[in-house]
Amino acid sequence: PVPLRVATYNIHAGAGEDGVLDLDRTARAIGALHADVIGLQEVDVRWGERSAYTDEARELARRLRMRVFFAPIYDLPADPGHTARRRFGVAVLSRLPLVSAENHDITRLSTQTPDPVPKPAPGFAEVAVRVRDVLVHVYTTHLDYRADPSVRRAQVDDTLAVLAADAGPKVLVGDFNAEPGAPELARLWGPLADAAPQGGKTYPAGAPDRRIDVVAVSPEVAVAGVREAVTTASDHRPVVADLLVRRPRP
């Protein structure tokens, strides 16, 4: 098998648990994971004042000397006095070349419109990377945060449909906004396995009481180890997983 280290990190748009925007601190926390592929959630690209209108995806990639794919959930007109569109979503940082990258629609309940209804919207990122000679699909997601599980349940169905279209080893990472045992996530745990069933809590970062940041793997992928990094560079802790990907039979 070939080794692959993946991570997931909700970066809170670059603000720490202290509420202070500090993208250098975010970059240091990501760099300390030494991961090959990292799925990020809550990434601002020229979004607004809270992140100083920064292109956080590009800035983090530059600081870490990694490749990046940004998959916006929201892509809105520029604020008055600004020229760049306001975008917010997930991103993938990679040390490995991206063979392909796609932003998929899944069911979402918008936070940007009054009285939203669930409907398909982008922000589910898929990249394919070649690990030595093995092609691996890595998906990054941020599931709905609301107490009502119905949107998350629909998102799980949509996620499984996207994954079913791809052959070979698969890794799904993200902020699920629910613990892995939640009923609405149950359908994931046939095609995929939770990489850290005994894993530590991830949110809130300072004194976490729930594990909602998750790495999941398909049957071709074995788990050598998983850990949560102790850092308050965001309101979530990052999770990093050492994986062993089986070579497909010729």
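Numbers at a glance
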| read-out | value |
| --- | --- |
| In Hz, Karplus ³J(HN,Hα) per residue of the stretch 178-194 (6.51, -1.76, 1.60; θ = phi - 60°; x = Gly, Pro) | 7, 6, x, x, 4, x, 5, 8, 4, 5, 5, 8, x, x, 10, 10, 5 |
| Over the stretch 96-243: Rg over Rh, Cα atoms, Kirkwood Rh | 0.96 |
| For the stretch 109-173, with +1 on Lys and Arg beta carbons and -1 on Asp and Glu, the positive-most of Val131, Val117, Ala164 along the dipole | Val131 |
| The stretch 211-250, dipole about Cα centre (Lys/Arg Cβ +1, Asp/Glu Cβ -1), debye to the nearest 20 | 260 debye |
| Residues whose placed amide H lies under 5 Å from that of Asn177, excluding near-sequence neighbours | Leu143 |
| For the stretch 1-149, size of Cβ-based charge dipole, Lys and Arg +1, Asp and Glu -1, in debye | 580 debye |
| Cα-centre dipole for the chain with unit charges at Cβ (Lys and Arg positive, Asp and Glu negative), debye to 20 | 820 debye |
| Table column - 3J(HN,Hα) (Hz), the stretch 242-250, Karplus curve with 6.51, -1.76, 1.60, x for Gly and Pro | 8, 10, 10, 9, 6, 5, x, 5, x |
| Using a Förster distance of 41 Å, the FRET efficiency for Arg130-Val230 (Cβ separation, nearest 0.05) | 0.80 |
| Selected from Ala233, Pro208, His34, residue furthest toward positive end of dipole (the chain; charges at beta carbon) | His34 |
| Highest-fluctuation residue, Ala186, Ala57, Ala101 considered, GNM on the chain with Cα pairs under 10 Å | Ala186 |
| Loop-resident sites, the stretch 40-144, for trypsin sites (Lys or Arg not before Pro), counting at most 14 other Cβ within 10 Å (DSSP) | Arg65, Arg132 |
| Linear extension gain, Arg62 paired with Ala165, 0.36 nm per residue minus alpha-carbon span | 33.9 nm |
| Under the Karplus curve 6.51 cos²θ - 1.76 cosθ + 1.60, θ = phi - 60°, whole-Hz ³J(HN,Hα) for the stretch 154-166, x wherever Gly or Pro sits | 5, 5, 4, 4, 5, 4, 5, 5, 5, 5, 5, 7, 10 |
| Length added when fully stretched, Asp24-Ala222, from 0.36 nm per residue minus Cα-Cα | 68.0 nm |
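Rule-based calculations on the coordinates, nothing more; no lab input. Everything quoted here is computed from the prediction, not taken from an experiment. For neighbour counting, all protein chains shown are included, and Cβ atoms are generated from backbone atoms with ideal geometry for every residue, glycine included.
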